[in-house]
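> Dumping the structure here so I can ask a few things about it.
None of the figures in this text is laboratory data; all of them are computed from the coordinates on show. Quick caveat, the model's predicted, so the values are computed rather than measured. Please note: Cβ atoms are built from the backbone with ideal geometry, for glycine as well, and neighbour counts cover all protein chains shown.
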Amino acid sequence: MSHSTWMSKNLSNAILIAFVIELSIYAIVSSISLSNPVLLNSFKSQQNSIVSQTPPLMFLSIFSHNLLVASLEFIPVFGAFLFVESAVSTATIISIQGTATGVPGLALFLSLLLLPHSWLELPVYAIALIGGIYLIYSLLKGKKHFRENFTRALLLYIFASAQLAVAGAFETAEIYFELSFNYPYDVLYPLMMWLPAIPAFYLLIRLFRYLMALPSEIAPQMPGEMEALQNGSLP
């Protein structure tokens, strides 16, 4: 197995583990009954300032905020703390909302998982966390695979940005349907966003695999890998 294939496989596994940890943080914290009217009002004010905009401006607000968070999480060491803090603070808001409306916070969190934007957005923060850790790995490994490792970390950031743009588009559409229609269509139409979301997931998975395979073509370093690449036999 080439170094590129080995690293791509390990990166995918690490991202999956980070995503499971992220979901666990959300589930645990949102299950705790919390009450903070001041924080809730502040959140609602920020939320209203976003959802009151036109769809294009709403998309830009959502995307720019999420991209900022993900970009900061790519910063080695600091990103790991932000990853946990961001998950805890968001889950805390969910818990407070649940307490205020008489709905268990965990149930509220699970209801958010019914919408496709959650499954598009949340994994990006796991990607950002692992991307930051991978940057450290690239530096510690020295010159042998530095170019390949650094290139893959950069491609992770590009992919994360693209996926956040897709997630922002879906979230904007879901909010628009929720605010523009009465029951049951305000629930049904956001759920119907799964129809375009399924091919979007497929294309993103294909894009991820393609980008992760690029470093082997950009910077083959393993003994014999250049010859294998030229002969078309590189896995």
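> Can you tell me which of L82, L113 is without any contact (Cβ under 8 Å) to a residue 60 or more places away in the chain and within 24 Å of E174 (Cβ to Cβ)?
Working: L82 fails: within 24 Å of E174 (Cβ to Cβ).
The match here is L113.
> Then there is this: If I go through segment 151-168 residue by residue, how many of them are more than 14 Å from the chain's Cα centre (by Cα) and among the small types (G, A, S)?
Here is the first cut: in segment 151-168, the residues more than 14 Å from the chain's Cα centre (by Cα) are 151-155.
Then drop every residue that is not among the small types (G, A, S), which leaves 153.
Number of matching residues: 1.
> Please verify whether A153 is more than 18 Å from S89 (Cβ to Cβ), in contact with a Gly (Cβ under 8 Å, 6 or more places away or on another chain) and either surrounded by fewer than 20 Cβ atoms within 10 Å (Cβ to Cβ) or charged (D, E, K, R) (or both), treating the condition exactly as stated.
Values: more than 18 Å from S89 (Cβ to Cβ): yes; in contact with a Gly (Cβ under 8 Å, 6 or more places away or on another chain): yes; either surrounded by fewer than 20 Cβ atoms within 10 Å (Cβ to Cβ) or charged (D, E, K, R) (or both): no.
The answer is no for A153.
> Any residue that is over 29 Å from S8 (Cβ atoms) and either in a loop (DSSP other than H, G, I, E, B) or acidic (D, E) (or both) - is there at least one of those in segment 134-157?
The first filter runs over segment 134-157 and keeps only residues over 29 Å from S8 (Cβ atoms), leaving none.
No, segment 134-157 contains no residue that is over 29 Å from S8 (Cβ atoms) and either in a loop (DSSP other than H, G, I, E, B) or acidic (D, E) (or both).
> Right, next: For K44, state whether it is under 21 Å from T101 (Cα atoms) and basic (K, R). Walk me through it before giving the result.
Working: under 21 Å from T101 (Cα atoms): yes; basic (K, R): yes.
Yes; evaluated as a whole, the condition is true for this residue.
> Do the conditions hold for E73, that is, is it surrounded by 14 or more Cβ atoms within 10 Å (Cβ to Cβ), among the charged types (D, E, K, R) and at negative phi? I'd like the intermediate steps shown before the answer.
On the way: surrounded by 14 or more Cβ atoms within 10 Å (Cβ to Cβ): yes; among the charged types (D, E, K, R): yes; at negative phi: yes.
For E73, the condition - surrounded by 14 or more Cβ atoms within 10 Å (Cβ to Cβ), among the charged types (D, E, K, R) and at negative phi - is met.
> List the pairs whose first member sits in segment 41-55 and is touching a residue at least 24 places away in the same chain (Cβ under 8 Å), whose second member is surrounded by 11 or more Cβ atoms within 10 Å (Cβ to Cβ), and whose Cβ atoms are under 6 Å apart, counting only residues at least 6 apart or on separate chains?
Listed pairs, sorted by first residue: F43/I93; V51/I175; P55/T172; P55/Y176.
> It is to be established whether one or more residues within segment 39-58 are within 23 Å of E174 (Cβ to Cβ) and surrounded by 19 or more Cβ atoms within 10 Å (Cβ to Cβ).
The answer is yes, given that some residue of segment 39-58 is within 23 Å of E174 (Cβ to Cβ) and surrounded by 19 or more Cβ atoms within 10 Å (Cβ to Cβ).
> Looking at G98, G168, G131, G105, which one is within 30 Å of P37 (Cα to Cα) and either free of Cβ contacts under 8 Å to residues at least 24 places away in the same chain or in contact with a Leu (Cβ under 6 Å, 6 or more places away or on another chain) (or both)?
On the way: G168 fails: either free of Cβ contacts under 8 Å to residues at least 24 places away in the same chain or in contact with a Leu (Cβ under 6 Å, 6 or more places away or on another chain) (or both); G131 fails: within 30 Å of P37 (Cα to Cα); G105 fails: either free of Cβ contacts under 8 Å to residues at least 24 places away in the same chain or in contact with a Leu (Cβ under 6 Å, 6 or more places away or on another chain) (or both).
Matching residue, one of G98, G168, G131, G105: G98.
> Still on this model: Under 21 Å from S30 (Cβ atoms) and under 13 Å from the mean Cα position of the chain (by Cα): does that describe S86? Don't jump to the end; show me each part of the working.
Numbers: under 21 Å from S30 (Cβ atoms): yes; under 13 Å from the mean Cα position of the chain (by Cα): yes.
Judged against the criteria, S86 is a match.
> A further question follows. Scan segment 56-79 for residues that are within 14 Å of E121 (Cα to Cα), in contact with a helix residue (DSSP H, G or I) (Cβ under 6 Å, 6 or more places away or on another chain) and without any contact (Cβ under 8 Å) to a residue 40 or more places away in the chain and report the count.
Going through segment 56-79 one residue at a time, the tally reaches 0.
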